[in-house]
Amino acid sequence: MTSNPQPQRTHSDGAQLLRGLCMGLADVVPGVSGGTVALVLGIYPRLIGAISHFDLTFFDHVKNRRWRAAAEHVDLRFLIGLACGIVAGVLAMAMVINRLLVNPHTRPLTFAAFFGMILASGIMVARLIRPHSQTSLLRAIALGIVGAGAAFALTMLKTSNVDPSLPYLFGCGLVAICAMILPGVSGAMMLLMLGVYEYLSDAPHRLLHGEMWAEYSVAIPVFCLGCAIGLIAFSKLLRWLLAHCHTSTMAVLCGFMFGALPKLWPFQLDQTPDQESFKEKIFTPYLPDLFSGEAFGAIGVALIAAGLVFVLDAVQKRSENRAAACCSSPPAQGAATR
């Protein structure tokens, strides 16, 4: 990744759909961020740039019915492919993740898989930090520590449900969507800490049963409005930071990823076995016997997951190098004229 926030647009629609699928799968897991996946897959600057282009120029194109110019301005084809994949990933993972995390036999392995992925992703992002001087290196280390501390503090905060007002829901949308596009910070976790996760996640069930239509018909649009405004505004800030403070920004993002790792520690004792829903459970981390089957299994899964991330990164770089070589090679010359 370079400091240029405008990456090459060489990926197919199918590839964007697959990348969105991976982001959607990650967004459902507590403690995992879709922004982390976007960063690892090499589309983070493009994603931030596309979202930040929902500006006055875009609305001017729409107002004057310049549909093609508007679509190109926000990289609409890229966003649609990614969005379709994200929705599919969220729906697919939502059907299985709660069972995997509630089951005491599959929970350590599930956490181990995501722990390995995030650890490998953090290492890869750390490689992208290229300080140009000793002062820059020290600044990057300090910012990384600050980012790690902030992410760790967020994961340790206690959660409590609240009866949200409309202004509070709007603010929750602003905060949660910013967290969702930050690597290492989970938007779902942020909603849990703000006390509105259960209120919002219960909305589909209640609406399907014809309950609280009047309340949710106002609350959900207000929350979505907060998300939209927060996403556009925060993406502009991130785009500017990636363009002008690339090393420092990457250091903070890297710190976020490492700081979120304790939330995904594979060995956690369930203190609330009577609770069926994962979001209601309370866990206490512990150190297992390193020679036990549980430890060997979790470590093996974590290593396999980390290896998959490194393999994916290698394939991604090879694809980008081939695309760059094709773009830079001169066209074949025709036969010389006599």
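Quick notes on this structure:
- Exclusive hit being under 23 Å from I181 (Cα atoms), at pLDDT below 80 and either buried (at least 19 other Cβ atoms within 10 Å of the Cβ) or out of contact with any helix residue (DSSP H, G or I) (no Cβ under 8 Å at 6 or more places or on another chain) (or both), set A243, A260: A260
- In region 271-290, the residues that are closer than 25 Å to S201 by Cα reach residues that are surrounded by 12 or more Cβ atoms within 10 Å (Cβ to Cβ) and at pLDDT below 70 with C-beta atoms within less than 6 angstrom, at least six apart or across chains, in these pairs: F278/N98.
- Sole residue being at pLDDT 85 or above, of a type in the set (A, V, I, L, M, F, W, C) and either in a helix (DSSP H, G or I) or more than 20 Å from the chain's Cα centre (by Cα) (or both), chosen from I141, I118: I141
- Residue match in region 31-46 (condition: charged (D, E, K, R), at pLDDT below 85 and either assigned to a loop (DSSP other than H, G, I, E, B) or open to solvent by less than 60 Å² (accessible area, probe 1.4 Å) (or both)): no
- Taking region 65-111 as the range and being in a helix (DSSP H, G or I), open to solvent by less than 30 Å² (accessible area, probe 1.4 Å) and touching a Gly at 6+ places or on another chain (Cβ under 8 Å) as the test, the residues that pass are G81, L82, G85, G89, M93, P108.
- G230 being in contact (Cβ under 8 Å) with a residue 24 or more places away in the chain, within 15 Å of the chain's Cα centre (by Cα) and either under 17 Å from I48 (Cβ atoms) or buried (at least 20 other Cβ atoms within 10 Å of the Cβ) (or both): no
Quick grid of which residues meet (1) under 23 Å from the mean Cα position of the chain (by Cα); (2) aliphatic (A, V, I, L, M); (3) surrounded by fewer than 12 Cβ atoms within 10 Å (Cβ to Cβ); (4) not in a loop (DSSP other than H, G, I, E, B):
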site: T284; (1), (2), (3), (4): no, no, yes, yes
site: L287; (1), (2), (3), (4): no, yes, yes, no
site: L290; (1), (2), (3), (4): no, yes, yes, no
site: A295; (1), (2), (3), (4): no, yes, no, yes
site: A302; (1), (2), (3), (4): yes, yes, no, yes
site: A305; (1), (2), (3), (4): yes, yes, no, yes
site: L308; (1), (2), (3), (4): yes, yes, no, yes
site: A314; (1), (2), (3), (4): yes, yes, yes, yes
site: K317; (1), (2), (3), (4): yes, no, yes, yes
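- If you go through region 52-64 and pick out every residue that is under 24 Å from L242 (Cα atoms) and either acidic (D, E) or open to solvent by less than 60 Å² (accessible area, probe 1.4 Å) (or both), you end up with 5.
- Only residues that are at pLDDT below 75 and open to solvent by less than 30 Å² (accessible area, probe 1.4 Å) were counted in region 2-26, giving 2.
- If the condition is being of a type outside the set (D, E), in a loop (DSSP other than H, G, I, E, B) and at pLDDT below 90, then region 54-64 contributes only F54.
The values are calculated or read from the model by the stated rules, or taken from the named source; none is laboratory data. Note that the structure is a prediction, hence the values are computed from the model and not measured. Don't worry about glycine lacking a Cβ; one is built from the backbone with ideal geometry, like all the others, and counts go over all protein chains shown. Note: accessible area is taken over every heavy atom of the protein model, side chains too, but ligands, DNA and RNA are not part of it. Shrake-Rupley method; radii C 1.70, N 1.55, O 1.52, S 1.80 Å.
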